[in-house]
Amino acid sequence: MAENLENVQALQEIINKSSRIVFFGGAGVSTESGIPDFRSQDGLYQQEWKYPPETIISRSFFDSDPKEFYRFYRAKLIIKGAKPNAAHLKLAELEKAGKLSAVVTQNIDGLHQMAGSKNVFELHGSTLRNFCMDCGEPYDIDFIADSENSPDKLPRCTKCGGLVKPDVVLYEEGLDDRIISGAIKAISEADTLIIGGTSLVVYPAAGLIRYFRGDHLVLINKSSTQADESADLVIHDSIGKVLSQIIVPQGGGNKA
């Protein structure tokens, strides 16, 4: 308990003297909002699905068996009623105070924006955005969820009949160059990089942290990561629990 308190105090001191913080987050940020991390739940999937999650959520599988893809996608990746947790809210507060310059996230749930964060780089896209693959017509998440009731169980564009695809990066697909460039710029210009809720095993996203050249590297994760030894501060605890204890300094930020 004393060690955790000391760690939080050390984090508070780092935040107090930082003006361009970037937060790099993964699935652990969203699990506290009730969104499961499918990587840790393979046993459940093996009971119901013929293929591993990584296979189903791949571009080649999407192209070859869209019906099975959407059956899995609707069941496991569309989470209704999820709300931002303490971590999302604190990060939005830090941005508003001019302390945090960007959030770089591997998550696809849109919770950072829901909490109020403005400058968010979604490396793997978002389930909230969906587009017809033929004409580009946009659709919301409810359209995808409701496609279960369509004749062929697929989300079909109401304008041209084309297949509607979520704006998420599937396995075998490349990341968006514009998003990557923005994330790299933000990380390279940061004076503090806080990594939270990620085991840093998903590439190429995890490789972005090598662009950090700032003063303080902080890791907050329940388990150890490959970057623990290079960090100035490591806290093995819940990201929401840790950030909820941070007092946001007012008037000390610099958004230039």
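Some observations on this one:
- Given +1 at the Cβ of Lys and Arg, -1 at the Cβ of Asp and Glu and no other charges, the dipole of the chain around its Cα centre is 500 debye to the nearest 20.
- Using alpha-carbon coordinates, inclination of helix 66-76 to the longest axis of the chain, degrees: 40 degrees
- FRET efficiency for residue 150 and residue 54, using Cβ-Cβ distance with R0 set to 22 Å, rounded to 0.05: 0.25
- Of the trypsin sites (Lys or Arg not before Pro) found in the range 192-244, those in coil by DSSP whose Cβ has at most 11 other Cβ atoms within 10 Å are 213.
- Angle between the chain longest axis and helix 2-16 axis [Cα atoms, degrees, rounded to 10]: 90 degrees
- Residue 31 accessible area, assembled protein chains, probe 1.4 Å, Å²: 60 Å²
- Sites residue 96 and residue 131, calculated FRET efficiency, Cβ-Cβ separation with R0 25 Å, nearest 0.05: 0.25
- A cut-off under 13 angstrom between Cβ atoms defines the neighbours of residue 81, and their net charge, with Lys, Arg +1 and Asp, Glu -1, is 0.
- Based on the reciprocal of the average 1/r between different C-alpha atoms, the Kirkwood radius for the range 136-199 equals 15.2 Å.
- Cα pair distances exceeding 15 angstrom across the range 70-160, given as percent: 65 percent
- Binned Cα-Cα distance frequencies in the chain - 10 Å width, integer %: 7, 29, 34, 19, 9, 2, 0
- Binned Cα-Cα distance frequencies in the range 132-256 - 10 Å width, integer %: 10, 27, 25, 20, 15, 2
- Counting DSSP beta bridges with both ends in the chain, the antiparallel % (nearest 5): 25 percent
- For the pair residue 82 and residue 140 in one chain, pulling the backbone fully straight at 0.36 nm per residue adds 19.3 nm over the alpha carbon distance.
- For the range 197-251, convex hull volume per residue from C-alpha positions, Å³: 107 Å³
- In the context of the full set of protein chains, the range 158-256 has a per residue accessible area of 50 Å² (1.4 Å probe).
- Taking 27 Å as the limit for the C-alpha separation, the pairs 99/165; 165/222; 76/165; 83/165 exceed it in the case of 99/165; 165/222.
- Rel. contact order, % - alpha carbon contacts under 8 angstrom, at least six apart, the range 128-256: 16 percent
The values are calculated or read from the model by the stated rules, or taken from the named source; none is laboratory data. Since this is a predicted model, take the numbers as computed values, not measurements. Cβ atoms come from the backbone with ideal geometry, glycine included; neighbour counts cover every protein chain shown. For the accessible areas, the whole protein counts, side chains as well, though only heavy atoms, and no ligand, DNA or RNA atoms are used. Shrake-Rupley method; radii C 1.70, N 1.55, O 1.52, S 1.80 Å.
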